[in-house]
Every structure is written in structure tokens, then in C-alpha cells.
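Structure, as C-alpha cells:
The values are calculated or read from the model by the stated rules, or taken from the named source; none is laboratory data. All values derive from a computational prediction rather than experimental measurement. We place every Cβ from the backbone using ideal geometry, glycine too, and count neighbours over all the protein chains shown. Accessible surface areas use protein heavy atoms only, side chains included; no ligands, DNA or RNA. Shrake-Rupley method; radii C 1.70, N 1.55, O 1.52, S 1.80 Å.
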Amino acid sequence: MKPAFTLSNSFRSVITFLVVLLLFPSCGESPSNDSKSDISTKTAAPGSDESGGSAPEPANDAPLPESMATLTQNEKVYAWVDRLNIRSSPNTSGKVIANVTEQEALEFTGEKSKEIEEIVLRGVVYDEPWLMVKTKDGKEGWVFGGAVKRSGETKGNDPISDNQFFYPHFGRFDLSTWKEVSTTDESGGDYTGTTKMYEKGGRLLQVVIGDTGEYGYSRRYKLMEANKKLLKERVFSVNADADFREATESVKVYTTNPPIEYKRSQKLELHHLRLNSLPMMVNGAWSESELDEVPSTPLSENEATTASIGTIDGSCKNLDADSGCSCDFKSGNEYVYHSDMDQNACVHLNGSNVSLKLVSSDYRAVLKKLSKSNPWITLQKKGPMLYFGKPFDEYGYENQYPEELELLIDVLLSMDKIPNEIPIQNNSEGMAIREVRDLANDAIRIAKDRKKKGETTISNWDHYANEAFDVYTRTTNKTNFGSGEADTYEGYLLIKSKSGKLLASQKIKGTCGC
């Protein structure tokens, strides 16, 4: 429901490419064996922790090392990456004058850079100064403080890639040894999302990669038994706006009694698109708390068949209480839906509260994409009429009359200029074309009238989901602006199965705001 100004995909790609071009040769995890790399490309041994079990936690789960800003002259530091570059100046553009192997001792000369720099090493952001050091053979130069550690400190982590990763509390995984059983594209609006399911040894691993451009991105992992019983869940996300940028990481472990949640966060000075690579893990201390929630009920043949909407019982444990923002909707006098207007929502289905994660909230972008369709409406010889190439019931405009008219008005209001005609393709042999043209003309007339009066607000469409349900709220802002009242929304709550079948719908009314 948040207004969004977004860069185009092509423009964003150019920015990202230029940033990576400037920084990658010296700080990134280069796929080559170029001796000028600042960080090792060697991969740690896979270990035995693909079930989340026996291998030790990675180094960055140990107590945080002290900042290099407090380093004293002549103190020894040690590279924690292999082939660390020693440079002629305190930046990644400096000429490489030497490189050292992992654990090699370096003597700090006492000189530090005035600037603190943020650089991503092996998927983790370090904000440290550059240090003037002397090698054992007497060469002097600069190293980034994030890439070295003091004697006795535990610092650093294994390299992270899409296929190999070792995350604290979640475990070590090599996906090249897992079978990929499904891939689903869940993109919509400014959100680009892919869900992949892997299988190995009677267990499942779900990986969800989500990207909302300059507003952030997320990585979600679920380790499950074959019957979808949840064992562990990891969520990493980077949220960014003009004033605040933060990386957050949480791991829920359901194999302990009681279940435990580990959380940590890290503020970022630079926008993630200005970093040399995308962070994949938080650099910070963990907090630990017991969970009183129960993981989602295992699915039957990966499909929910019923959904009964009820009153939310107590608080929703997954909501971010510190966000300061929320949407709260009632059906009648009882609350049935809450969200933190960010990544989390919950509804009461089939007798219990159900936790949900954000899929997409930019409905205007979806409508603008629909407006470029040709035709908008297709009358078929057989089967239902198509709107923008799909049967109408796929759009979720249930329980409103006339539903088709509302969809067309929303698409028209998303356009910069409302056309005088809607493209229609008639493949039928009946007289329904007259009714369809009347419907199209009514939509144009109403949309133009609303725009003339300044009533251009289209419906908000938030899409949240879990492994069993897709949940939509389609609402319209009814606030009398300037009245001093909270933003009030009215509309419908729709519950669908993963195959798109409508399971339940409810008229709702509530408020959203920060």
C-alpha cells in the first residue's frame, strides 16, 4: 500500500553494473585465480551439516571481533582471507604491491585511513578503516580492516554462493547434491521472485529469492521433512529507503523444545546497490528467544482445499512490532487480518492464526502492464470471456458487482491518459458483443468522471502467502483527506489455494498507517 518511485530495470542494471565494474576486480569473489583479488575464492569443505545438524557453527557466529579503529601501533594482525592484497593507497583502486596468504602476520604501522568504508567480503558487510601494514619481508602498504583480525579473534566465514552456503543456526548446504524438483516464478509489479524446491534424503529445502529493486531484496529458506513438516526457517532481507537502510536475519529452529528464534540486524550506510556485491548475511550479535508458535500444518498433496476465515486469536507472533506501521482489518466487529505493512501478515484460517510473507504490493504496476494488452477483452467461441488474456476470476474481484466493470476502471485509472475505446476481440457468434461494448463504454465514462473529480485512487492489492495459501487484500482508500482522520480502507479479503482456486472471501474494513 506504500507509494513507490522505482528505477526501471534497465537503468537499475546499468547502475549495478557500473558499481560492480568499479569494485569487483579488487573486493569481490572473483571466479578466476587472478592474484589481484582481495578475497579468497577457495571453497571450504562441505562438511556434514546438510540436515542442519552436526557441523560446528561458522566463525561469524562467535563473539564479534573488536573494531580495527582501536588497533595500536606495532600490533600484529592476520589475514582471514587467502591472497589478501596489499595496496599502494587506502582504497580498492590502489596498485597491488604484494599479497599474503591466510593467517599470515602483518605489523600495523600506526597509520589508518580517516574514512570508514563499507565493503562486502564473502557476503558480509564490514565497515572498517584501511590500515597501513608491513609484511614479514618489509613491504609496506594498505589493507582493508575488515579483511584482517587480531591474534586470537574469530572472524570471517566460508564463501557464499547460490549453490553452497553455511549459515549460522541453519546449516551447511551444497545444492549441487540436491535434486531440484520445482521452480515457480512469483514475479509481479516491481517484485521479482523465484521459488525453488529441492529434495535429498527424504528432506525438502525451499529457497525463495525475492527482489524489489532499490527498495531491497530477500532470501528465504525452509528445511522440511518430506511431509512438509517444518524443521528450520531462515529469512534474510535488506530494506532500503531514502532515510534508512538495514539488513536483518532470523533463524527459527523447530527441532528444539521449546522452538528457538535467533535474530540480528545491521544498519547500512551505503545503499545496497552501491556496495561491491549484495550482502547475504548480517554482521552482528545474535539475540535468542523461545518461540510459542507452531509451524504451519503439513500440506496434503501440496494443496489446501478449504479455508474458513475466523477472528484473530491473540497477537500475531510474526509481525514486526517495531516497524510502527500496520494494517488492521475487521469483518463486522471482529479482526480477521493484520499486517505490518512490510514483510509480514497474518489471518485466522481453519481455527488458528496463519503467518504470511509478502509477495507483492505494487498493484498499480500490475494494472499498467495490463493496460498495454491488446485486446483487453476476448469473446471466445467456447469457454469464458477473457480479460487481458485470462478468465476474470483469476483477478480476485469476487463479491463485487459488477466485478468486470471495477477491473476495467482500475486499469483505466492506472493510465496516464484514458482512451476513448477499449480493444475488444470477438471470436463468438452470439450477441454478447453488444453487452461487452456497453460494459467497456461504461468503464471509460466512469473512469473519466472519477479522474475529472480528482478521484484517481485505484484499489490496493497486497499479496501475502505461505506454503498452503495465497492471501489477497483488495481495498480502496475511503479517507476524507484533510479531515485529520486515519486512512480508512474498504474492500475484500480473498483466500486462494496454490493452484488459484478461491477458497474463501470476506468483506473487510479497517485502517492502515504509520
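Nearest 0.05, what FRET efficiency do Ala69 and Ser289 give at R0 = 22 Å with Cβ-Cβ as r? Mind dumping the intermediate values first?
Details: r = 31 Å, r/R0 = 1.42.
Calculated value: 0.10.
If you count, for each residue, the other Cβ atoms within 10 Å and average over each peptide, how do 435-446, 154-165 line up from highest to lowest?
154-165, 435-446
For Lys501, go through the lysines and keep the ones whose alpha-carbon is under 22 Å away, minus same-chain ones fewer than eight residues off.
Lys196, Lys228, Lys357, Lys382, Lys390
What whole-number value in Å² describes the accessible area per residue of region 136-214 for a 1.4 Å probe? Could you put the intermediate results ahead of the total?
On the way: 3340 Å² over 79 residues.
In whole numbers, region 136-214 has 42 Å² accessible per residue.
Could you check how much of the accessible area of region 99-208 is carbon and sulfur, as a whole percent, using a 1.4 Å probe? Intermediate results must be reported in sequence, preceding the final value.
Numbers: 1920 of 4600 Å².
Carbon and sulfur atoms account for 42 percent of the accessible area of region 99-208.
Rank Thr183, Gln103, Gly201 by how far each Cα sits towards the positive end of the charge dipole of region 95-246 (+1 on Lys, Arg Cβ; -1 on Asp, Glu Cβ) and give me just the farthest.
Gly201
Beyond 23 Å between alpha-carbons counts as too far, so tell me which of Lys368/Lys417; Lys200/Lys222; Lys114/Lys136; Lys112/Lys263; Lys452/Lys507; Lys229/Lys498 fall in that bin.
Working: Lys368/Lys417 11 Å; Lys200/Lys222 14 Å; Lys114/Lys136 25 Å; Lys112/Lys263 33 Å; Lys452/Lys507 29 Å; Lys229/Lys498 18 Å.
In this structure, Lys114/Lys136; Lys112/Lys263; Lys452/Lys507 lie more than 23 Å apart at Cα.
Round to a whole number: what % of the accessible area of region 407-463 belongs to carbon and sulfur, probe 1.4 Å? Write out the running numbers ahead of the final one.
Values: 1420 of 3340 Å².
Roughly 43 percent of what the probe reaches on region 407-463 is carbon or sulfur.
Note down the nm distance, to one decimal, between modelled labels 7 Å out along Cα→Cβ at Glu334 and at Arg150.
My value for the distance between the label points is 5.9 nm.
Determine, from the Cβ-Cβ distance of Asp174 and Ser428 and an R0 of 51 Å, the FRET efficiency 1/(1 + (r/R0)^6), rounded to the nearest 0.05.
Details: r = 55 Å, r/R0 = 1.08.
The calculated FRET efficiency here is 0.40.
Give the peptides 118-124, 404-410, 254-260 in descending order of average Cβ contacts within 10 Å, highest first. Show your work: numbers first, answer last.
On the way: 118-124: 22.4, 404-410: 20.7, 254-260: 13.4.
Taking the mean over residues of other Cβ atoms within 10 Å, the ranking is 118-124, 404-410, 254-260.
Using a simple charge model, +1 on the beta-carbon of Lys and Arg, -1 on the beta-carbon of Asp and Glu, nothing else, what dipole does region 189-251 show about its Cα centre, in debye to the nearest 20?
Working: 11 positive and 10 negative charges, 135 e Å.
With Lys and Arg at +1 and Asp and Glu at -1, about 640 debye.
Given the Cα-Cα distance of Glu490 and Gln380 and 0.36 nm per residue of separation, how much length would full extension add, in nm? Don't jump to the answer; show the numbers that get you there.
Working: separation 110, 0.36 × 110 = 39.60 nm, distance 3.38 nm.
Full extension of this stretch gives 36.2 nm more.
Label points 7 Å out from Cα along the Cβ direction at Ser89 and Lys417: separation in nm?
Modelled inter-label distance: 5.1 nm.
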